[in-house]
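Derivation of every value follows stated rules applied to the coordinates shown; laboratory data play no part. Because the structure is predicted, anything quoted here is derived from the model rather than measured. Methodologically, a virtual Cβ is constructed for each residue, glycine included, from the backbone with ideal geometry; neighbour enumeration extends over all protein chains shown.
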Amino acid sequence: MHSKEHISHDEYQKTADWLMSQTKHRPQVAIICGSGLGMLADTLKCQDSFAYSDIPGFPQSTVQGHAGRLVFGELKGKTCVCMQGRFHMYEGHSLCKTTFPIRVFKLLGVETLIVTNAAGSLADGFQPGDIMIIKDHINFPGLVGLNPLCGPNDDKFGPRFPAMSGCYDKGLRCLAVEIAKELGVASILQEGVYAMVGGPNFETIAEARLLHRLGVDGVGMSTAPEVVVATHCGLRVFGLSLITNKVVKSYEDTESVNHEGVLEIGRLRSHTVQQLVTELIDRMEINNNDNINKSI
Ligand SMILES: O=P(O)(O)O[C@@H]1C[C@H](O)[C@@H](CO)O1
């Protein structure tokens, strides 16, 4: 089974070393752009960017709306690295490969990870265009053993049995709520539980009803494995879902979701998501960037 592939510490290190030989930027914050949210990378100043196909060891993006570029640059005085395009399990990547960049970021000295995604809503009060701060997640593939941490544990990155309670940093969640109020977008801000399903098909009505009953607010096909690996290696995590559609829960409903519609909502809300993330990066406290390779 492809999820059991093992990637050695040396392989992560080789990619990190290659990147450090190509750019002078030493990022403190990493951002992963979800479907239709790649414009977050455009806000970075003094950019150095690399096609995934040119980075040794990096997987390739195959999904429309995921450009496949790693962009380094400055934002509000902080050094950032931004993934314009992520890797999904349904593309056929092993979970180690989908989360490969996270450990590379750790080796580059990153201390905070911002994950974004597109998600369908189950919560009754949510509307397409709302922005959901992720409070917690349900990692459905993980619950049945499809977890990027399966296989030999690399103690240099983290412990065999990492805790996941509190994996979405409370301080950053509170800060984001304050910022949304100041930006005048509090009315479209929500907080909720994200569930990852395997995809690539969208949910059946019976699956949607099950997720709803389980207390899921937003559902998507990514993010949880990245957050698990990030938490394992001690990164602070903040997550946002852009609600792009309501998940169909009624047999009377004639609407159906499609990827084009998901990308369209991304384009409509790009500016607000960008503002929120930019302000958050501006106001978050960061330790000095002197932790490259220290804990690993
Ligand atoms: O990368 P994300 O999680 O934002 O992508 C979502 C889930 C599927 O890949 C795609 C469906 O439209 O968008």
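Brief remarks on what is shown
- Available extension along the chain between Asn153 and Gln274 is 40.0 nm, counting 0.36 nm per residue and deducting the alpha carbon span.
- When the charge dipole of the stretch 6-112 is built from unit charges on Cβ atoms (+1 for Lys and Arg, -1 for Asp and Glu) and taken about the Cα centre, the candidate among Leu40, His66, Val104 whose Cα reaches farthest toward its positive end is Leu40.
- In a simple Cβ point-charge model (Lys, Arg +1; Asp, Glu -1; nothing else charged), the chain has a dipole of about 520 debye relative to its Cα centre.
- Listed by chain and number, the lysines whose alpha-carbon sits under 30 Å from that of Lys14, ignoring those within fewer than 8 places in the same chain, are Lys4, Lys24, Lys45, Lys76, Lys78, Lys97, Lys106, Lys156, Lys294.
- For the chain, the relative contact order comes to 26 percent (Cα pairs under 8 Å, sequence separation of at least 6).
- Eligible lysines near Lys249 by straight Cα distance, threshold 24 Å, same-chain separation 8 or greater: Lys135
- Cβ-Cβ distance of Glu260 and His6, R₀ of 41 Å, FRET efficiency by 1/(1 + (r/R0)^6): the value works out to about 0.65.
- Within the stretch 1-89, GluC sites (Glu not before Pro) in DSSP loop having at most 16 other beta-carbon neighbours inside 10 Å: Glu5
- Put simply, when 186-197, 79-90 are sorted by average Cβ atoms within 10 angstrom per residue, most first, you get 79-90, 186-197.
- Charge dipole magnitude, Cβ of K and R +1, D and E -1 - the stretch 1-47, Cα centre, debye nearest 20: 200
- Antiparallel %, DSSP beta bridges [both residues in the stretch 1-94], to 5: 75
- Extending 7 Å from the Cα toward the beta-carbon at both Val144 and Ile286 defines two label points whose distance is 4.0 nm.
- Each residue of the stretch 215-230 was assigned a 3J(HN,Hα) from its phi angle through the Karplus expression (A = 6.51, B = -1.76, C = 1.60, θ = phi - 60°), giving x, 7, 9, x, 10, x, 10, 8, 6, 4, x, 4, 5, 4, 5, 5 Hz with x at Gly and Pro.
- Projected over all directions and averaged, the alpha-carbon convex hull of the stretch 126-224 occupies 8.1 nm².
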